[in-house]
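Down below is the structure, laid out as structure tokens.
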Amino acid sequence: MSRISSKIRNSSQKLVFLALVLSITGLSTGAASAAAQVITMTPTSVSPVIDPGSEFKSSFSVINQGKSSYKYIVYAAPYSVKGEDYTPDFTVLPTAPNITSWFNFSSPGGTIAPGQTDSINYTITVPENTQAGGYYAAVFAETQFPKAANSITLNERVGELFYIQVTGPVVKKAELLTWTSNIFQDPPLTSIIRLQNDGSIHYAANITYKITDVIGQTKYSLSTQKELLPQTIRKVTIPWPKTPSIGLFKVSGNVKMLNQNHQLSTKWVLVMSKTVRQIIAAVVVLVIILLVSRALYDKRKGK
């Protein structure tokens, strides 16, 4: 048994980890009782590196932050993504091994009281002769609200993502595909970075992003980390939440992947809201009317 390394990442992917599971059996107010269920889980991700034929042991915590007790279950599911927006998919892919069989839990779940924390131990066993590379799964903790006739049952689940690297020769290849920030925009000012992983193992892309005004004062900045899965393209959309209605701004940044820095070229962006454009158009029309009126007046006066 060997455990080479483990690194926990908490990132903006937390949206992936929180899901609501709806089971509708009728029309009633049964869902209202489920509002007292608040389940959380920590950590949100882990990246173990494991030898073929070896095991990795650790644990996660399930926390009841609600006002009532409830039953819950824990289980593993495959994890992959669809499209450049990285829509999560928890179904078994035909071309990939079902790594949920690698997981063994010390408990299948239980009943948890308000304010209580349950620690669940787990073991990941990688079969011998497993090909080197990245393998991905999610482990969920899901509430089990009692079902009743003619009611709506609302179960909540939270999860931990597993970025598993099986040791051996791997291909690491990163590419910055495109970097766009249109010169004319409605608020919010938005930039898009597209990153490609052509390798056989996941890695993190560290993005720094900055917006300054015409005199160089920083108006908005962001540092974020995005995980890239093998053989995927990820689109990272960066909006400026509090963009003013009008302004000229300079956008720049940097992307670091696999110890390589990719400097984002500086772009100028003119932001103008629809209301501002309408006001400017109205002023232009008014000025044209005044000029034409003045010209007609001068022409009549000359006659």
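Things worth noting here:
- Yes/no for Glu142 being assigned by TED's automatic domain parsing to the domain that holds Phe105, under 25 Å from Ala77 (Cβ atoms), surrounded by 15 or more Cβ atoms within 10 Å (Cβ to Cβ) and among the acidic types (Asp, Glu): yes
Quick grid of which residues meet (1) in the same structural domain as Thr237 (by TED's automatic domain parsing); (2) over 21 Å from the mean Cα position of the chain (by Cα); (3) modelled with pLDDT of 95 or more:
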position	(1), (2), (3)
Tyr70	no, yes, no
Ala77	no, no, yes
Pro94	no, yes, no
Phe103	no, yes, yes
Tyr135	no, no, yes
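- Residues of region 220-249 satisfying the condition of being crowded, with 17+ Cβ neighbours inside 10 Å and in contact with a Phe, Trp or Tyr (Cβ under 7 Å, 6 or more places away or on another chain): Tyr220, Glu227, Leu228, Leu229, Arg234, Ile238, Trp240
- Qualifying residue in region 122-132 (condition: surrounded by fewer than 20 Cβ atoms within 10 Å (Cβ to Cβ), touching a helix residue (DSSP H, G or I) at 6+ places or on another chain (Cβ under 6 Å) and either in the same structural domain as Ile50 (by TED's automatic domain parsing) or more than 22 Å from Tyr203 (Cα to Cα) (or both)): yes
Rundown of residues vs (1) of a type in the set (Val, Ile, Thr); (2) in contact with a Cys (Cβ under 6 Å, 6 or more places away or on another chain); (3) outside the structural domain of Ser47 (by TED's automatic domain parsing); (4) over 23 Å from Val269 (Cβ atoms), yes/no style:
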position	(1), (2), (3), (4)
Ile183	yes, no, yes, no
His202	no, no, yes, yes
Lys219	no, no, yes, no
Leu228	no, no, yes, yes
Thr232	yes, no, yes, yes
Ile238	yes, no, yes, no
Gly247	no, no, yes, no
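- Screening region 248-303 for residues that are farther than 23 Å from Leu222 by Cβ and polar (S, T, N, Q) and picking the one that is farthest from the chain's Cα centre (by Cα) gives Ser293.
- One residue alone among Lys299, Lys219, Lys267, Lys242 is of a type in the set (D, E, K, R) and part of a loop (DSSP other than H, G, I, E, B), and that residue is Lys242.
- Qualifying residue in region 82-89 (condition: in the same structural domain as Phe162 (by TED's automatic domain parsing) and touching a helix residue (DSSP H, G or I) at 6+ places or on another chain (Cβ under 6 Å)): yes
- For region 91-102, the candidate set comprises residues that are β-branched (Val, Ile, Thr) and not in a loop (DSSP other than H, G, I, E, B); within that set, the residue that is surrounded by the most Cβ atoms within 10 Å (Cβ to Cβ) is Ile99.
- Any hit, region 103-112, residues being surrounded by 18 or more Cβ atoms within 10 Å (Cβ to Cβ), under 29 Å from Lys173 (Cα atoms) and of a type outside the set (Lys, Arg): no
The values are calculated or read from the model by the stated rules, or taken from the named source; none is laboratory data. Quick caveat, the model's predicted, so the values are computed rather than measured. Positions of Cβ are backbone-derived with ideal geometry, glycine not excepted, and every protein chain shown enters the neighbour counts.
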